[in-house]
Amino acid sequence: MADLTTSWLGLTLRSPIVVAASPLSRDPEAIAAAVASGAGAVVMHSLFEEQLAHEQMAAHRFLDARTDLDAEARSFLPASEVFAIDAGPYLAELDRLRRRVDVPILASLNGTTPGGWTSYAKRLESAGADALELNLYEVATSPDETGAAVEERQLDVVRSVVGCVRLPVTVKLSPFYASVPSFVRRLEQAGARGVAVFNRFYQPDIALDELDVDRRLVLSTPAELPLRLHALALLSPTVSLSLSCAGGVHSGLDAAKAILCGAHAVQLASALLLHGPGHVGVVLAELTRWLDEKGYRSSAEARGVLDLSSAPDPHAWERLNYARMLDGWR
Ligand SMILES: Cc1cc2nc3c(=O)[nH]c(=O)nc-3n(C[C@H](O)[C@H](O)[C@H](O)COP(=O)(O)O)c2cc1C
């Protein structure tokens, strides 16, 4: 039977299937079920910059109010104690998960502007996270900020998080960069150890009757996978980062495709929310069966077999495939 042991972010996982950031991590029993079914690691839901910045402001207001009353207030009320109140529930959740399961747990920070909030990475490290996923989710809204400026700001965030911790940091990206390979290379230079492709871009619909925005979250389908496969195949030969596929993986065959394109780890959220955490077992059984049928002794052996390392000119290859696809609509 094919060996599924995977090396990801310097961690050894017993399988490449990772529970993606989602509300599942709030439920230790659900996570225990996913791990019992073979999940190799768990990413917690995110702590958002907006939460942390808001809490820091509240902390400052509290400290400042005390300072007005008592000149020595700062010395008996260290900032760390105030922050402990704010980050407490998340850190407690991390601690509960660590006690409940024996696979690596990644904490998740979500934000896009450099600032004090990034120092929470240190707290997550001290609380026992095995790695950090930094989610750079954002939609560019200002015509005054160029794409290059957006990227530079995001790289600053990565540098400041990486600078706070010794833990491996992986970055969850959106697909909307003029050059994903160039940005990913700069992430590597900024100290990231991995990238997850891609964030799902939550696109609210319009509720015509109410003349309002319909914010219902629609879970993914495997139709979202090819965008990720394409990026993985491009990135796999050009960076030495750990790659994870996030988005549209619902079955073991989907996971096999991601691994063939270069993924070290494959993250699932929607499929586990739809079918329950035990679905990890179904995915792993199908992945193992496929690897066995094809004669691969391990998932590591299959990794990257279909990446673009053998394409002498990936740019020409992309153009050619585009033209072929347009012709193949029948
Ligand atoms: C209900 C829900 C909550 C999520 N919360 C987070 C989050 O807190 N942080 C994050 O980085 N991603 C979050 N995600 C995104 C998932 O981690 C994952 O990247 C995305 O859903 C694509 O994977 P999938 O196709 O398997 O769902 C969430 C997804 C869902 C469905």
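When G281 is tested against (1) touching a Ser or Thr at 6+ places or on another chain (Cβ under 6 Å); (2) surrounded by fewer than 21 Cβ atoms within 10 Å (Cβ to Cβ); (3) over 16 Å from L4 (Cβ atoms), exactly one condition is not met: (3).
The set of residues from the stretch 92-140 being in a helix (DSSP H, G or I) and open to solvent by 30 Å² or more (accessible area, probe 1.4 Å) comprises A92, D95, R96, R98, R99, R100, G116, S119, K122, R123, E125, S126. Would you check if there is a residue in the stretch 285-292 being surrounded by fewer than 20 Cβ atoms within 10 Å (Cβ to Cβ) and basic (K, R)? Checked the stretch 285-292: at least one residue is surrounded by fewer than 20 Cβ atoms within 10 Å (Cβ to Cβ) and basic (K, R).
The set of residues in the stretch 171-192 that are among the small types (G, A, S) and open to solvent by 50 Å² or more (accessible area, probe 1.4 Å) comprises A178, S182.
For L326, the requirement of being of a type outside the set (G, A, S) and either open to solvent by less than 10 Å² (accessible area, probe 1.4 Å) or closer than 17 Å to L4 by Cβ (or both) is not met. If only residues of the stretch 293-323 that are at pLDDT 95 or above, open to solvent by 50 Å² or more (accessible area, probe 1.4 Å) and assigned to a helix (DSSP H, G or I) are counted, the one that is nearest to W8 (Cα to Cα) is A300.
Say we look at the stretch 3-32 and pick out the residues that are farther than 20 Å from S108 by Cα and crowded, with 20+ Cβ neighbours inside 10 Å; which of these is farthest from the chain's Cα centre (by Cα)?
Once the filter is applied, the top-ranked residue is L4.
In summary, helices (runs of 4 or more DSSP H) completely within the stretch 193-275 and bearing 3 or more residues that are crowded, with 22+ Cβ neighbours inside 10 Å and within 16 Å of the ligand (Cβ to nearest atom) occur at 225-235, 252-260.
Residues are listed down the side, and each one gets a yes or a no for (1) part of a loop (DSSP other than H, G, I, E, B); (2) of a type in the set (A, V, I, L, M); (3) within 16 Å of G247 (Cα to Cα):
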residue: A32; (1), (2), (3): no, yes, no
residue: G38; (1), (2), (3): yes, no, no
residue: V43; (1), (2), (3): no, yes, yes
residue: A53; (1), (2), (3): no, yes, no
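Which numbered condition in (1) of a type outside the set (S, T, N, Q); (2) free of Cβ contacts under 8 Å to residues at least 40 places away in the same chain; (3) over 19 Å from A255 (Cα atoms) is the only one that P226 fails? Of everything listed in (1) of a type outside the set (S, T, N, Q); (2) free of Cβ contacts under 8 Å to residues at least 40 places away in the same chain; (3) over 19 Å from A255 (Cα atoms), P226 misses just condition (3).
One line per residue, one yes/no per condition, for (1) of a type in the set (F, W, Y); (2) modelled with pLDDT under 95; (3) away from the ligand (no atom under 16 Å from the Cβ):
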site: S46; (1), (2), (3): no, yes, no
site: F62; (1), (2), (3): yes, yes, yes
site: F83; (1), (2), (3): yes, yes, yes
site: R100; (1), (2), (3): no, no, yes
site: N110; (1), (2), (3): no, yes, no
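Quick check: anything in the stretch 183-192 modelled with pLDDT of 95 or more, part of a helix (DSSP H, G or I) and aromatic (F, W, Y)? The answer is yes; a qualifying residue exists.
The values are calculated or read from the model by the stated rules, or taken from the named source; none is laboratory data. In this text the structure is predicted, and so the values were computed from the model without any measurement. Please note: Cβ atoms are built from the backbone with ideal geometry, for glycine as well, and neighbour counts cover all protein chains shown. Areas reflect the complete protein model, heavy atoms only, side chains present, ligands, DNA and RNA absent. Shrake-Rupley method; radii C 1.70, N 1.55, O 1.52, S 1.80 Å.
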